[in-house]
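Peer 1: My structure is below; once you've seen it, I'll send some questions.
Since every read-out is calculated from the coordinates, none of them should be taken as a lab result. Since the structure is predicted, the reported quantities are computational estimates derived from the model, not experimental observations. Note that each Cβ is placed from the backbone with ideal geometry, even for glycine, and that neighbours are counted across all protein chains shown.
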Amino acid sequence: MSPTFKNGDLIFFHRVNRSLRAGDLVNFEDHEGAWVVKRVIATAGMSFELKNNHVFIDENPLLKERIYETDRYTCFREVNGESEYLIFHLKDRYNKECCQQTFVPHGFVFVMGDNRHESDDSRHYGLVDSHKLIPVKPTRLLNLGFLF
């Protein structure tokens, strides 16, 4: 989930008691049994498509503004509904996992990680049952990266 979280971050998650919205962070057990944190990109009733590294919701591109870049990646601010967050695109990779337009049915969501080229998410394992998701609000307590 980089750049939202960094390796070594100790994070406390507060459970959020409300309906899921696009842009929310969720915690759930993935298809391999690991607990992961991802971002909700599209909820029930929305359509999702990925073209040329741009996310389209209901055929409209999400606002994406370049914030900074390094020799390895570019950081963008992405706006999805009422949510704003940072995402990474690696420079040496082009997102070839383009998704055809997918309609999200009732009871499901489409999730993605914020590090778009490194994330294992709905582009790989499909839509996620929304009843298995825990909406969360993170609080970064400290970074223990120096221990690793």
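Peer 1: Sort T74, T102, T43 so that the residue with the fewest other Cβ atoms within 10 Å of its own Cβ comes first and the one with the most comes last. Before the final figure, lay out the partial values.
Peer 2: Details: T74 15, T102 18, T43 21.
The most exposed by this proxy come first: T74, T102, T43.
Peer 1: Right, another one. In region 14-137, how many lysine pairs have Cα atoms under 19 Å apart, counting only pairs 8 or more places apart or on different chains?
Peer 2: Working: K38/K64; K38/K132; K38/K137; K51/K64; K51/K91; K51/K96; K64/K91; K64/K96.
The number of close lysine pairs in region 14-137 is 8.
Peer 1: Under the rule of at least 5 residues apart or a separate chain, name every residue whose amide H is placed under 5 Å from the amide H of Y73.
Peer 2: K91
Peer 1: Also, I was wondering about something else. Are there trypsin sites (Lys or Arg not before Pro) in region 12-91 that DSSP marks as loop and that have at most 16 other Cβ atoms within 10 Å, and which are they? Present the calculation step by step, with values, prior to reporting the outcome.
Peer 2: Numbers: sites: R15, R18, R21, K38, R39, K51, K64, R66, R72, R77, K91; in loops: R18, R21, R72, K91.
Those satisfying the criteria are R18, R21, R72, K91.
Peer 1: What percent do you get for the relative contact order of region 14-137 when only Cα pairs under 8 Å and 6+ apart count? Walk me through the numbers before you get to the answer.
Peer 2: Numbers: 269 pairs, mean separation 38.9, N = 124.
Here the relative contact order equals 31 percent.
Peer 1: With just the Cα atoms defining each centre, how far is region 13-69 from region 114-131? Give it in Å.
Peer 2: 8
Peer 1: Take E84 and Y68, extend 7 Å from each Cα along the Cα→Cβ direction, and tell me the distance between the two endpoints in nm.
Peer 2: Between E84 and Y68, the simple spin-label model gives 1.7 nm.
Peer 1: Give, in nm to one decimal, the length gained when the segment between W35 and E118 is fully stretched (0.36 nm per residue of separation minus the Cα-Cα distance).
Peer 2: Values: separation 83, 0.36 × 83 = 29.88 nm, distance 1.66 nm.
Extra length available between W35 and E118 comes to 28.2 nm.
Peer 1: Taking θ = phi - 60°, what integer Hz values does the Karplus form 6.51 cos²θ - 1.76 cosθ + 1.60 yield along region 99-113, in sequence order, with x for Gly and Pro?
Peer 2: 9, 5, 4, 10, 8, 8, x, 4, x, 9, 9, 10, 10, 9, x
Peer 1: Report the semi-axes of the equivalent ellipsoid for region 14-137 in whole Å, largest first, where each axis is √(5λ) for an eigenvalue λ of the Cα gyration tensor. Could you put the intermediate results ahead of the total?
Peer 2: Numbers: eigenvalues 98, 50, 44 Å².
Output for region 14-137: semi-axes of 22, 16, 15 Å.
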